[in-house]
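See structure below.
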Amino acid sequence: EMEHKNYTVVTEFVLLGLSQNHKVQMILFFFFLLFYMIVLPGNILIILTIREDSQLGSPMYFFLANLSFLDICYCSVTPPKMLADFFSHRKTISYSACMAQLFFLHFLGAAEVFLLMVMAYDRYVAICKPLHYTRLVNRRVCCVLVGATWGGGFIHGIILFALSIHPPLCGPNILDNFYCDSHQLVKLACGDTYIVKLLMFLNNGVVIVMCFILLLISYIVLLLKLQTQASKAKNKVASTCVSHIIVVFVMYGPAIYIYVLPFQTVPKEKVVALLHTVIFPLTNPMIYTLCNKEIKGSVWNLVSKYRFCCRK
């Protein structure tokens, strides 16, 4: 009975945040607020541009719009709480809010990982099987693939959620970060957590590394295949593949750093976690946009169109 009482003691967690210095917190607050005011509308603009411009109706742009939407959702999980905590002397989060944050973080993060693999498949078919492209990557197939990415992300999030609520918590309740995550919570658990740690490692670290290696191999094969293409087409497709590779490194690099050795204290973990959950996701669609002349032109046309309408 005493043990059962101890297991139900933790009802909230104390987040140590990024810094304890008030001046540093204010500087960080204004930096991230400015970042969101610039980059978040940019992602929304990409979605609107792809939706409005009929010339951007290919599967590649359909997936890019979904990536922008996923990144907007992903960056709505931890940053709002982080920004609010900059003004709080004692940064706390309830147990239920912590679990919700953990679930959506892994649900949306995994969905994005799977979407990057779908985008690699799209490029593979476009380069290696161009005559069958319209049959293998039609609108129906695109919708099924995007639905599968959301479904796979949901399953991943549920598994991590179930593993995180399984170990009993009996204190302490301090998390040395600005958000809740599975590998932080399991460190606070009572009793033997070896099996839970192993399952979390397999579900996070191993899967991330395997997906990263598969994506890297696929893009290397595609770049080698491009050597046989005509120069004009080769340059256009190569720039797209390079932007994909940059996003793969940007997305997977911090994830591997955090989750491959999740139960050991790694240096600069907060900084890497900040890049992984706040900065990089919103910049991913921007990387694709900057490397693509068609979408840059369409964005500019859309902005010019609305400017003209507003003046009238």
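The values are calculated or read from the model by the stated rules, or taken from the named source; none is laboratory data. Model, not experiment: these values are computed from the prediction. Because the Cβ atoms are built from the backbone with ideal geometry, glycine has one as well, and the counts that use them run over all protein chains shown. Just so you know, the surface numbers come from the protein's heavy atoms only, side chains and all, with ligands and any DNA or RNA stripped out. Shrake-Rupley method; radii C 1.70, N 1.55, O 1.52, S 1.80 Å.
Details
- Principal axis box of the chain, alpha-carbon based, largest edge first, Å: 72, 49, 33
- When the listed pairs K225/K268; K197/K268; K225/K305; K81/K293; K81/K197; K129/K293 are checked against a 32 Å cut-off, the alpha-carbon distance exceeds it for K225/K268; K225/K305; K81/K293.
- Within the accessible area of segment 12-300 (1.4 Å probe), percent carbon and sulfur: 71
- A 1.4 Å probe, protein heavy atoms only, puts the accessible area of Y121 near 80 Å².
- Site pair S76 and A100 shows an inter-label distance of 1.3 nm when each label is modelled 7 Å from Cα along Cα→Cβ.
- With the whole protein complex present, W300 retains an accessible surface near 150 Å², based on a 1.4 Å probe.
- Helix axis angle, 95-128 relative to the chain longest principal axis, alpha carbon, degrees: 20
- Nearest-ten-degree value, helix 293-311 long axis tilted from longest Cα axis of the chain: 90
- Amide H contacts under 5 Å for T92, placed H, 5+ residues apart: L15
- Couplings 3J(HN,Hα) of segment 284-289, computed from phi: 4, x, 5, 4, 4, 5 Hz, in residue order, whole Hz [Karplus 6.51 cos²θ - 1.76 cosθ + 1.60, θ = phi - 60°; x for Gly and Pro].
- Helix axis angle, 22-52 relative to the chain longest principal axis, alpha carbon, degrees: 40
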